[in-house]
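Engineer: Just passing along the structure, written as structure tokens.
The values are calculated or read from the model by the stated rules, or taken from the named source; none is laboratory data. All of these numbers come straight from a predicted model, not from anything done at the bench. In this analysis, Cβ positions are derived from the backbone assuming ideal geometry, glycine residues included, and neighbour counts consider all displayed protein chains. Just so you know, the surface numbers come from the protein's heavy atoms only, side chains and all, with ligands and any DNA or RNA stripped out. Shrake-Rupley method; radii C 1.70, N 1.55, O 1.52, S 1.80 Å.
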Amino acid sequence: MPSRFPAESSASGADPARDALRPASTRLGGDDSAVAALPLDLDSHLHFRPRTLLLTRQSLVEGEQAWPLAAGMALRLSDHAGVGTLELLDANGRLAVWRFTLGAQNQAVRLVEAFQRTVAQLDGTQGPAGDTPERTCAQCHAPLPPDSDACPACAPEAAQPPPSTWVLLRLWRFARPYRWSLLAGFALTLASTAAALVPPYLTIPLMDRVLIPFQNGERIDTGLVLALLGGLLGSALLAWGLGWARTWLLALVSERISSDLRTATFDHLLRLSLDYFGSKRTGDLIARIGSETDRISVFLSLHALDFVTDVLMIGMTAVILFSINPWLALVTLLPLPFIGWLIHLVRDRLRTGFEKIDRVWGEVTNVLADTIPGIRVVKAFAQEGREARRFRQANEHNLAVNDRLNKTWSLFTPTVTLLTEFGLLVVWAFGIWLVSQNEITVGVLTAFIAYIGRFYGRLDSMSRIVSVTQKAASGAKRIFDILDHVSNVPEPAQPVPLPRVEGGLRMEGVSFRYGSRTVIRDLNLEIHPGEMIGLVGHSGSGKSTLVNLLCRFYDVSEGAIRVDGIDIRRVGVADFRRHIGLVLQEPFLFFDTIAENIAYGKPGATRTEIVAAARAAHAHEFILRLPQGYDSLVGERGQGLSGGERQRISIARALLIDPRILILDEATSSVDTETEKEIQKALDNLVQGRTTIAIAHRLSTLRKADRLVVMDRGEVVEIGPHDELMALRGAYWRLYEAQARKEQEAAALLDNDATPEDDDA
């Protein structure tokens, strides 16, 4: 995956003019002893590649390259999306950058602290290491900058600058495949613009050689008139034909560019890890991929074309004007500096305004994305009025932001028009004076006025394009915000194939943290092939997080998870997940047929395979009772089915891919007892011969597990079969007894509620 940083490299970021990179072996001698080390595991493309960054008393060393330390150097540490970044800087800029997963965060902090002490000694501002206590962040213990109390590692990202128009140049990446079509379109634009400039020039002989002589009593030269009129008609038809071809060709290209942009953005979005989606609103992402790409398409097909045409028209018209009369042409250009100043003044306001409009429109879309899928909850709690108010507030906020921007825009456009009218008035006055002095003819002045009409018209059009350009730039920035985001679950540089998986899992010193909050601490666990493990513990103990790590939805911060002895980070993400079957507490079904939902993990499955999976999941009978059987539509998110039916379809979906590793995340917690029995029968078929990891709300459902793993605050506190753990009377026993008491209390409450009815009977 291409990096966002233009000069980043694990070892090539240094400028040879600033420091000569020498073999490390030539420097690690004498007093150049090691001070600190950092294990690196990511290369510049975020592929796994283990190596070590070494800090000595004189240099930073990685492999065969080194960066001699000097006064004024800085080592900046930050992390984003689960990836740590270490940058070496001097007064001239960045020398090198290294990337690593957050498992090495503590070593990175210690390396930075040691680096600052070493460089301080070179500056002469500090004595031997350790004389002066280091200022560190109270939250993550990273070193603080000397001139700030803000932590570079955990402080929130600074507000992003408003989008620059230059971001539109990045669209060349998508336009490059169509460069020859764009070149042809430019040639057609040039030709059509030239054809459109012919008619005003023909007005000179029409005035000076036909109309004015006729007013003075001379006869009209019919042949000349027909030739000039034919020239006017021919140039108009030629301009029309060239303009049509240009517009059609560039519209096709722009639609393909925006289609490629949408596809690339969605493909990249699918490859991002779950933490990205956890921090984004669905409506905002839909708005970016939908409306923003559509806005860019309109800009490319219409406004960018108009802008190029305007520039060519203004440039070619200026050349013609100067060739006719330089002094009159200079007068024509008088309004240009004022219009340029206005455009510069308004552009900054438009730039920030349109970005704010995009964010506010995202709020409107978010309300829709929340309310429509959750309409059953809205109606169940009679909250239609509340959701209507939410939408009205978001819509009114959108209206207010647009009104503020329109105040600026409504003043700008008439002002440009006024300046062009003023310029036309000056040209008329100066032109009449030149005619009175016999410097030019009436025909020349007429042609000049015709050209000026086109010149000022295009100038006015260019000023209006400022608005749509800033809109497109804002949309492009929001699109590239997605494309620039790097997944914190990277693909390995050289993936190890997994042709056959036995299902053995081993977790070695696994730790994981969300931001600065540690969720799992130094967890060690081995699961044998074909073994069924039950994960139990209080809410928030780390069970679901461990499942997410096993599925590689996130990567561990420390330690490793191995499947059949292979670190799962060395295996392609899709290749690894192909061997995992996941049954969730709330199964998600797509708006499609039941057959397509069952075959989602195996699109090429035959109907026989689908029916066999449904039979094993105890879903075949209720499917046949539906109007179209396996071809019945399940509705949005499976709303046409009951919870138990959706769960059994989810189990059939997992059965069809025949996974070696099965993960059951509270698969029966949201259904009634009778439905749970049906689902349990399906699960019994599903777990046979597979390594199974089950999380269950009802501890009684895990009695069939070979071992139970009890978790508390991210740590494993007990492991063993149900009977052994009950005999220990420890954490599991307390959980089991507490749940049994709750069930007894609930049963007693139901009995008390039923007593009056029995008496009446």
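Engineer: (1) open to solvent by 20 Å² or more (accessible area, probe 1.4 Å); (2) under 25 Å from Ala696 (Cα atoms); (3) in a loop (DSSP other than H, G, I, E, B): which one isn't true of Leu582, the others all being true?
Structural biologist: Only one criterion is unmet by Leu582, namely (3).
Engineer: Would you confirm whether or not the range 101-108 contains a residue that is under 30 Å from Asp481 (Cα atoms), hydroxyl-bearing (Ser, Thr, Tyr), modelled with pLDDT of 80 or more and outside any helix (DSSP H, G or I)?
Structural biologist: Within the range 101-108, not a single residue is under 30 Å from Asp481 (Cα atoms), hydroxyl-bearing (Ser, Thr, Tyr), modelled with pLDDT of 80 or more and outside any helix (DSSP H, G or I).
Engineer: Return the residue satisfying two criteria in turn: it lies in the range 548-576 and is among the small types (Gly, Ala, Ser) and in a loop (DSSP other than H, G, I, E, B), and of such residues it is surrounded by the most Cβ atoms within 10 Å (Cβ to Cβ). Reasoning before the result, please.
Structural biologist: Pass one, the range 548-576, residues among the small types (Gly, Ala, Ser): 557, 559-560, 565, 572, 574.
After this cut, where a residue has to be in a loop (DSSP other than H, G, I, E, B) as well, the list is 557, 565, 572.
Working: Ser557: 22, Gly565: 8, Gly572: 14.
Among those residues, the one meeting the criterion is Ser557.
Engineer: Condition first: under 22 Å from Ser291 (Cβ atoms), part of a helix (DSSP H, G or I) and in contact (Cβ under 8 Å) with a residue 40 or more places away in the chain. Now tell me which residues in the range 366-392 satisfy that.
Structural biologist: Asn366, Val367, Leu368, Ala369, Asp370
Engineer: Continuing with this model, one more query. Which numbered condition trips up Gly635, out of (1) farther than 16 Å from His618 by Cα; (2) open to solvent by 40 Å² or more (accessible area, probe 1.4 Å); (3) at pLDDT below 80?
Structural biologist: (2)
Engineer: Taking the conditions exactly as written (assigned to a strand (DSSP E or B), touching a strand residue (DSSP E or B) at 6+ places or on another chain (Cβ under 9 Å) and either surrounded by fewer than 17 Cβ atoms within 10 Å (Cβ to Cβ) or at pLDDT 55 or above (or both)), does Phe115 satisfy them or not? Spell out how you get there, then give the answer.
Structural biologist: Values: assigned to a strand (DSSP E or B): no; touching a strand residue (DSSP E or B) at 6+ places or on another chain (Cβ under 9 Å): yes; either surrounded by fewer than 17 Cβ atoms within 10 Å (Cβ to Cβ) or at pLDDT 55 or above (or both): yes.
It is false that Phe115 is assigned to a strand (DSSP E or B), touching a strand residue (DSSP E or B) at 6+ places or on another chain (Cβ under 9 Å) and either surrounded by fewer than 17 Cβ atoms within 10 Å (Cβ to Cβ) or at pLDDT 55 or above (or both).
Engineer: Out of Ala329, Ala304, Ala264, Ala287, I need the residue that is outside any loop (DSSP other than H, G, I, E, B), more than 21 Å from the chain's Cα centre (by Cα) and either under 23 Å from Arg404 (Cβ atoms) or modelled with pLDDT of 75 or more (or both). Which one?
Structural biologist: On the way: Ala304 fails: either under 23 Å from Arg404 (Cβ atoms) or modelled with pLDDT of 75 or more (or both); Ala264 fails: more than 21 Å from the chain's Cα centre (by Cα); Ala287 fails: more than 21 Å from the chain's Cα centre (by Cα).
From the options Ala329, Ala304, Ala264, Ala287, the qualifying one is Ala329.
Engineer: Would you mention how many residues in the range 35-63 are at pLDDT 80 or above and farther than 26 Å from Val556 by Cα?
Structural biologist: 6
Engineer: Moving to a separate point now. Across the range 585-599, what is the total count of residues that are surrounded by fewer than 22 Cβ atoms within 10 Å (Cβ to Cβ) and either of a type outside the set (D, E, K, R) or part of a strand (DSSP E or B) (or both)?
Structural biologist: Residues of the range 585-599 surrounded by fewer than 22 Cβ atoms within 10 Å (Cβ to Cβ): 585-586, 588, 590-593, 595-596.
With either of a type outside the set (D, E, K, R) or part of a strand (DSSP E or B) (or both) added as a condition, the list becomes 585, 588, 590-591, 593, 595.
The qualifying residues number 6.
Engineer: State the number of residues belonging to the range 602-626 that are within 13 Å of Ile657 (Cβ to Cβ) and either open to solvent by less than 50 Å² (accessible area, probe 1.4 Å) or in contact with a strand residue (DSSP E or B) (Cβ under 7 Å, 6 or more places away or on another chain) (or both).
Structural biologist: Going through the range 602-626 one residue at a time, the tally reaches 5.
Engineer: Taking Thr309, is it at pLDDT below 80, in contact with a Phe, Trp or Tyr (Cβ under 7 Å, 6 or more places away or on another chain) and part of a helix (DSSP H, G or I)? Let's see the steps before the verdict.
Structural biologist: Numbers: at pLDDT below 80: yes; in contact with a Phe, Trp or Tyr (Cβ under 7 Å, 6 or more places away or on another chain): no; part of a helix (DSSP H, G or I): yes.
No; evaluated as a whole, the condition is false for this residue.
Engineer: What are the residue pairs meeting all of these: first residue in the range 703-715, first residue under 25 Å from Ser511 (Cβ atoms), second residue open to solvent by less than 10 Å² (accessible area, probe 1.4 Å) and part of a loop (DSSP other than H, G, I, E, B), Cβ atoms under 6 Å, and 6 or more apart or on different chains?
Structural biologist: Cβ pairs passing all conditions: Met711/Ser541; Met711/Gly542; Asp712/Ser541; Gly714/Gly542.
Engineer: Do you know which residues across the range 397-417 are within 11 Å of Val360 (Cβ to Cβ), aliphatic (A, V, I, L, M) and open to solvent by 50 Å² or more (accessible area, probe 1.4 Å)?
Structural biologist: If the condition is that a residue be within 11 Å of Val360 (Cβ to Cβ), aliphatic (A, V, I, L, M) and open to solvent by 50 Å² or more (accessible area, probe 1.4 Å), then Leu399 is the only one that fits.
Engineer: Give just the number: which of (1) at pLDDT 80 or above; (2) open to solvent by less than 40 Å² (accessible area, probe 1.4 Å) does Ser273 not satisfy?
Structural biologist: With (1) at pLDDT 80 or above; (2) open to solvent by less than 40 Å² (accessible area, probe 1.4 Å) applied to Ser273, the lone miss is (1).
Engineer: For Asp79, work out the one condition from (1) over 16 Å from Leu111 (Cβ atoms); (2) at pLDDT below 85 it doesn't fulfil.
Structural biologist: (1)
Engineer: Since Ala667 meets every condition but one in (1) modelled with pLDDT of 80 or more; (2) under 19 Å from Ile693 (Cβ atoms); (3) buried (at least 20 other Cβ atoms within 10 Å of the Cβ), which condition does it not meet?
Structural biologist: Checking Ala667 against (1) modelled with pLDDT of 80 or more; (2) under 19 Å from Ile693 (Cβ atoms); (3) buried (at least 20 other Cβ atoms within 10 Å of the Cβ), the one that fails is (1).
Engineer: Could you say which residue among Gly223, Gly217 is at positive phi, surrounded by fewer than 16 Cβ atoms within 10 Å (Cβ to Cβ) and of a type outside the set (Ser, Thr, Tyr)? Talk me through it step by step, then tell me what you get.
Structural biologist: Working: Gly223 fails: at positive phi.
Only one candidate qualifies: Gly217.
Engineer: In addition: If we scan the range 289-296, do we find a residue that is surrounded by fewer than 19 Cβ atoms within 10 Å (Cβ to Cβ) and either among the aromatic types (Phe, Trp, Tyr) or more than 18 Å from Ala476 (Cβ to Cβ) (or both)?
Structural biologist: Scanning the range 289-296, I find no residue that is surrounded by fewer than 19 Cβ atoms within 10 Å (Cβ to Cβ) and either among the aromatic types (Phe, Trp, Tyr) or more than 18 Å from Ala476 (Cβ to Cβ) (or both), so the answer is no.
Engineer: Can you give me the number of residues within the range 491-528 that are surrounded by fewer than 16 Cβ atoms within 10 Å (Cβ to Cβ), at pLDDT 85 or above and either over 34 Å from the mean Cα position of the chain (by Cα) or of a type in the set (Phe, Trp, Tyr) (or both)?
Structural biologist: The qualifying residues number 3.
Engineer: Continuing with the same structure: Could you tell me which numbered condition Arg404 fails, if it satisfies all but one of (1) modelled with pLDDT under 80; (2) under 28 Å from Gln215 (Cβ atoms)?
Structural biologist: Condition not satisfied by Arg404: (2).
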